[in-house]
Amino acid sequence: MTRILIAEDDRHTRAALEELLQAEGYDVATVGDGLSASKMMESKKFDLVCLDVMMPMKSGYDVCRLLRANDKQTPVIFITAKGEEIDKVVGFELGADDYISKPFGSHEVIARVKAVLRRCQPETSSAPDSKDPTAHLAFNMDDLQITPAKLRATRGDTVIELTARELQILILLHDADGDVVHRQTLFQECWGQNRVPNSRTVDQTVSQLRKRIEIDPKHPRIIQTVYGIGYRCECEPRT
């Protein structure tokens, strides 16, 4: 499981990021100051570090500088309320991989985290990673055009931002070619867990996704419910 460290002194922002990333299946650790972040990185290995710039004890810049002195590989995303161009330049010069300015949206955070992790993973093969939904080719479902690499769906001029989990659900339904995809399968593939603790975990996610991609969520065409079993998509792509 991908491990992410969040170093953020504002407890509300820290809790929101922790909840958001845990919901995506990441193993998340949090600290509230730069000194604690440095100590934690000395004892544990992380796949991604998210650093607030302005923190007590040590700034995010100081933490990044110390990390890069011994570790050139672990990706770093700066999260800060400061938006001046000079701050971003300093961050990138210290070795940051991306930069998110507060306030930020949940879809932006997930997309940027996913993109940074994808870019920084070592390339062991030229073949696409089947576990990475963003490596999937673009495809259509009804009148919806889905571009995995951009974590985005479009209907005409309307752009719909997707989370990695929402994208994976659509890919599974599309690839099933009209067959039923069981809730258990969705949970295993999209949450990375073998047991569904509550059937509404999947149902609530699908319900929220429908509200954004269906023209009429009460009479869905793209994601159809097979009661007691799961979901399927029988619609043909419109040309």
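One table, with the values for the structure above:
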| item | result |
| --- | --- |
| For the range 133-232, size of Cβ-based charge dipole, Lys and Arg +1, Asp and Glu -1, in debye | 340 debye |
| Accessible surface of the range 133-232 [probe 1.4 Å, protein heavy atoms]: carbon and sulfur percent | 45 percent |
| Average accessible surface area per residue within the range 3-119, 1.4 Å rolling probe, Å² | 48 Å² |
| Global geometry of the range 133-232, whether rounded, prolate or oblate, following the gyration tensor of its Cα atoms and the 1.5 cut on a/c | prolate |
| Percent carbon-and-sulfur accessible area, the range 3-119, ignoring ligands, DNA and RNA, probe 1.4 Å | 50 percent |
| Cα gyration tensor shape of the range 1-62, rounded if a/c is under 1.5, else prolate or oblate by comparing a/b with b/c | oblate |
| Nonlocal amide H pairs with V226, under 5 Å, H built at 1.01 Å | Y231, R232 |
| Cα-Cα over 25 Å, subset of K58/K150; K72/K114; K58/K102; K114/K211; K45/K72; K150/K211 | K58/K150 |
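The values are calculated or read from the model by the stated rules, or taken from the named source; none is laboratory data. Worth saying up front: this structure is predicted, and the values here are computed from it rather than measured. Heads up, the Cβs are rebuilt from the backbone with ideal geometry, glycines too, and the neighbour counts pull from every protein chain shown. The area values use the complete protein model at the heavy-atom level, side chains included, leaving out ligands, DNA and RNA. Shrake-Rupley method; radii C 1.70, N 1.55, O 1.52, S 1.80 Å.
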